[in-house]
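Following: one structure in C-alpha cells, then a few remarks.
The values are calculated or read from the model by the stated rules, or taken from the named source; none is laboratory data. Values in this document were obtained by computation on a predicted structure and should not be read as measured data. Because the Cβ atoms are built from the backbone with ideal geometry, glycine has one as well, and the counts that use them run over all protein chains shown. Note: areas computed on protein heavy atoms with side chains; ligands, DNA, RNA excluded. Shrake-Rupley method; radii C 1.70, N 1.55, O 1.52, S 1.80 Å.
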Amino acid sequence: MNNRLLINYTPGTTPIHRLNGATKVMGFIVVTVYIIMTFDARIMLPMFLLCTAGVISMRPNWKPILLIMGFMFIMAGVIGSMMIILIRPSSGLTHVGGETVIVRWTDHFFISRELLWYVGAMYFKRLCSLSTAILFILAITPSELAAGFNKIGMPYKICTVLSLAFRTIPDIARDYIDIKNSLMMRGVELDSRKVGLVARLKQTVFILSPLIMTSFGRIGTIANAMDLRGFSKLKRRSWYSEREPTRADWIARGIIVLVAIFVIYYIVFVRVLNPPPFSYWSPWGYW
C-alpha cells in the first residue's frame, strides 16, 4: 500500500530523505513559487532537471509514478492540447507574439508554430509542477510534514490535521478494497469484463455509503483518543520526527535562500516593474 500510494511512512536512507522536515517544506514552497512565477522554459528547465534527478536518486517504485505521468500526458498533453488547438488556435499570437501558420484548414482552424510552442510550454510547466510534487511526496513522511510546517510558523493544530489526513489514506484504501471484495462475494460484478463501464460505475456507488460511514467512525475514534491525551491544551508541542538540522540541512537551506532571492528579484523586476510583452518566451525572439 505504501508503494502504491507514493506516501512514505518511514524515513528513507538517501541524502534527500535525511534532510530535516523544515528544510524539505521550505524547499517545496520556494520551488513551487519558482515554477508558478514564470512561463519561460529556459528558467523552468534547470528546476525540472534538478527535481527529476532528485526523484531518480531516491530509487522509488516507478509503476505508480509512470501511471500518474501517463494519466497527465493523456489529460493535459493530448486532450488539453487538442482542446486549445480546436477552440483557440490564436493562442500562439496572444501569448507568444507571432503566428507562422504551418497548416490551415479554415480561417478559424489552423496550426502555427507559435501555437505548438505555447501548447508544449504549457504542458512542460505542468510537468515541472508534477515532478516537484512527486519529489516532495517521496522525500517526506506525514510526521516530518507536520513538524516542518510547524517549524516555519503554521499552528500545530493545522499541522496535525495534515499529518492525520496523509496517515488515514492507506486505511481508507484498505477499507475500499475490503468493501469491494465483500460486494463481489455477494454477486456484484465490479471487475468482470462482461459488465459495461456504465454498469460498473453504477455498482461502484454501493461502495461509497459504507466507506463514508467507516471513515466517520474512524474520525470519531481518533478525535476521542486525542481528547483523552489532552491535545490542544498547550500552545506548543514537540514532534516525534523532529530532528536538529545537520550540515547537509544548512547547505540545502543556503541554496534555498539563493533561489528565493532570485525568485523575489524575478517577480519584482521582471514580472512587475518590467513585464515582457508576451507571457511565453519563444526561440523566435518575440520578447
For the chain, which whole percent of the accessible surface, found with a 1.4 angstrom probe, sits on carbon and sulfur atoms? 69
Once normalised by the length of the chain, the mean sequence separation of its alpha carbon contacts under 8 Å that are 6 or more apart gives a contact order in percent of 30
Signed unit charges on C-beta, dipole axis of the chain, positive-most listed residue TYR118, ALA173, MET83: ALA173
MET82, MET184, reordered so the largest accessible area comes first (probe 1.4 Å): MET82, MET184
So, over other residues within a Cβ distance under 15 Å of GLY120, counting Lys, Arg +1 and Asp, Glu -1, the net charge is +2
Starting at the first residue of the range 85-100, write each ³J(HN,Hα) from the Karplus equation 6.51 cos²θ - 1.76 cosθ + 1.60 with θ = phi - 60°, in whole Hz, x for Gly and Pro. 5, 7, 8, 10, x, 7, 4, x, 5, 5, 9, 9, x, x, 8, 9
Distance between the C-alpha centers of the range 110-147 and the range 22-37? Whole Å please. 13
Run the reach check for LYS24 against aspartates and glutamates, Cα to Cα strictly under 15 Å, same-chain hits fewer than 8 apart removed. What comes back? GLU144, GLU242, GLU244, ASP249
May I ask you to evaluate 6.51 cos²θ - 1.76 cosθ + 1.60, the Karplus curve with θ = phi - 60°, for each residue of the range 171-185 and list the ³J(HN,Hα) values in order in whole Hz, giving x for glycine and proline? 5, 5, 5, 5, 4, 4, 5, 5, 5, 4, 5, 5, 5, 5, 5
Let's test this: bin the Cα-Cα distances of the range 28-89 at 5 Å from zero up to the farthest pair and state each bin's percent. 4, 14, 14, 19, 26, 16, 6, 2, 0
Assigning unit charges at the beta carbon (Lys, Arg +1; Asp, Glu -1) and nothing else, what dipole magnitude in debye, to the nearest 20, does the range 1-123 show about its Cα centre? 520
log₁₀ of I(q)/I(0) at q = 0.13, 0.19, 0.26, 0.28 Å⁻¹ - the range 155-228, Debye sum with one point per alpha carbon: -0.51, -0.83, -1.19, -1.29
Determine ³J(HN,Hα), in whole Hz, for all residues of the range 49-64 in sequence, where each value follows from phi through the Karplus function 6.51 cos²θ - 1.76 cosθ + 1.60 and θ = phi - 60°; x replaces Gly and Pro. 5, 5, 5, 5, 4, x, 5, 5, 5, 8, 6, x, 7, 7, 4, x
Would you mind checking which residues have amide H under 5 Å from THR246's amide H? H placed 1.01 Å from N; only 5 or more apart, or other chain. ASN20
Just to verify a number: FRET efficiency for ARG229 and ARG174, C-beta to C-beta distance, R0 = 35 Å, to 0.05? 0.90
Would you pull out the residues with amide H under 5 Å of SER112's amide H, same chain only if 5 or more places away, H placed 1.01 Å from N? ILE102
Can you compute the helix-only [θ] at 222 nm over the chain? Use -39500 (n - 2.57) per DSSP H run of at least 4 residues, normalise by all residues, nearest 500 deg cm²/dmol. -20500 deg cm²/dmol
So which aspartates and glutamates can LYS202 reach, going by Cα to Cα under 20 Å and dropping same-chain residues fewer than 8 places off? ASP175, ASP178, GLU189, ASP191
Net lengthening on full extension, TRP284/ARG237 (0.36 nm per residue, minus Cα-Cα): 11.4 nm
Taking amide hydrogens as modeled 1.01 Å from N in the peptide plane, which residues meet the under 5 Å criterion relative to GLY12, leaving out close sequence neighbours? none
Nearest 0.05, what FRET efficiency do ILE261 and LYS202 give at R0 = 51 Å with Cβ-Cβ as r? 0.40
D_trans [Stokes-Einstein, Kirkwood Rh over alpha-carbon pairs] for the chain, 10 °C, 1.306 mPa s, µm² s⁻¹: 70
With r as the distance between the Cβ atoms of ASN274 and PHE124 and R0 = 25 Å, compute the FRET efficiency 1/(1 + (r/R0)^6) and round to 0.05. 0.55
